[in-house]
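Since the structure comes first, as C-alpha cells, the remarks are kept for the end.
The values are calculated or read from the model by the stated rules, or taken from the named source; none is laboratory data. Given the structure is predicted, the values throughout are model-derived calculations rather than measurements. All Cβ positions, glycine included, derive from the backbone under ideal geometry; neighbour counts span all protein chains shown.
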Amino acid sequence: MTVGNPRYAVVTGASTGLGRCIALELAKRKINTILTALPGENLAAVSETCREMGTESEYFEFDMSDKSALSDFAGTVNGRYEAFALVNNAGLGGSRRFGEAPLRYIDTMVQVNVAATVILTHEFLQNLRRNARSFILNISSMAGVVPSGYKTVYPASKAFIRYFSLGMREEFKPDDISVSLAVLGPMPTKQEIASRIDRQGFLGKALSLKPERVAEACVDGMFKGKRTIVPGVFNRFSMNLLKLAPECLSGMLMSRQVRRHEL
C-alpha cells in the first residue's frame, strides 16, 4: 500500500468526456484517484495529468462488461488502497431500432450501464465503510425520466440507476456513506453528440452543458451529500415539469424522437 495510506476516489470511464473531467476536478481538489477505462483509450495520459496536479493516481484498463474483470479490479483495489469515494460514471448510449439492434450491443449496454454499477457498489462497500464518511456518485440521465423510442434500453438502464441509487442512499445512511444521483442533460463530449444537439435547435442547446461545468457540479454535490444533482437551470426546470406532467411531456418527446428517426 502507498506510504502514508492516502485515501482515493475511484472513477470509472475516466479516459474521455465527463469521466475525464471528474478525474481532473478531483485532482484539482488534491484528491487521489483510481481510474478505469477500456484499453487503448489513453487513460495513462489522464492519470499522468492528475499526478502533475500534485496527487496520487493509478489506472486500470479493462472491459466493464466483463464481470470477472470487474471482480478482479475490485479485489485488487480493496487489497491495496483505501477508497472513500466511488464514481460510477462508465456508460454506453446510442440510438437504434430495438428489433434490428444486435443482441451483443443490447447486452453490453445492460452490463456496463446496470450490472457494473451494481457489482462495483457491492464489491467496494466494505472498503467504503472502513473509510467513512464516504461517498458514492452514480451518473444517470434525463433520458431515464423520459422513455423514448429508438433509445429503449439506454433510458431504461438510467431509470434503474435512479431507483437503485435512491434506495441505496437510505440503506447506507447508518454506515455514513452518502449516495448521490446525478441526472444529466446532453453534453457535447463527441462530435456526433454535438451535431445531434445542434439538430435539436434551441431546446438541445438550452439543455446542453460543457462536461467541465457538469463535473464541477457533480463533485460539489457529491461532497455536500446531495440526494439528487441536476446541473443547469434549464435541466432543473425540465425535471420539475416532468414531475408535474410526466405522461404528457414524455409522450410529446417520444413522438418527436420517433418522427425524427422515421423521416
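Computed quantities for the displayed model
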{"item": "Residues of region 130-161 that turn out to be among the small types (Gly, Ala, Ser), closer than 15 Å to residue 95 by Cα and assigned to a helix (DSSP H, G or I), as a count", "result": "4"}
{"item": "Members of region 78-128 that are more than 21 Å from the chain's Cα centre (by Cα) and of a type in the set (Phe, Trp, Tyr)", "result": "81, 98"}
{"item": "Residues of region 208-263 that turn out to be more than 17 Å from the chain's Cα centre (by Cα), at pLDDT 65 or above and among the β-branched types (Val, Ile, Thr), as a count", "result": "1"}
{"item": "Subset of region 12-29 [part of a loop (DSSP other than H, G, I, E, B) and hydrophobic (A, V, I, L, M, F, W, C)]", "result": "14"}
{"item": "Residue in region 103-123 that is among the polar types (S, T, N, Q), in contact (Cβ under 8 Å) with a residue 60 or more places away in the chain and under 23 Å from residue 162 (Cβ atoms) present", "result": "no"}
{"item": "Top-ranked residue in region 57-76 [being in contact (Cβ under 8 Å) with a residue 40 or more places away in the chain, crowded, with 19+ Cβ neighbours inside 10 Å and more than 22 Å from residue 110 (Cβ to Cβ); ranked as farthest from the chain's Cα centre (by Cα)]", "result": "58"}
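Condition check ((1) loosely packed, with under 15 Cβ neighbours inside 10 Å; (2) farther than 24 Å from residue 231 by Cα; (3) of a type in the set (Asp, Glu)) across all residues:
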site: 12; (1), (2), (3): no, no, no
site: 21; (1), (2), (3): no, no, no
site: 26; (1), (2), (3): no, no, no
site: 29; (1), (2), (3): yes, no, no
site: 41; (1), (2), (3): no, yes, yes
site: 52; (1), (2), (3): yes, yes, yes
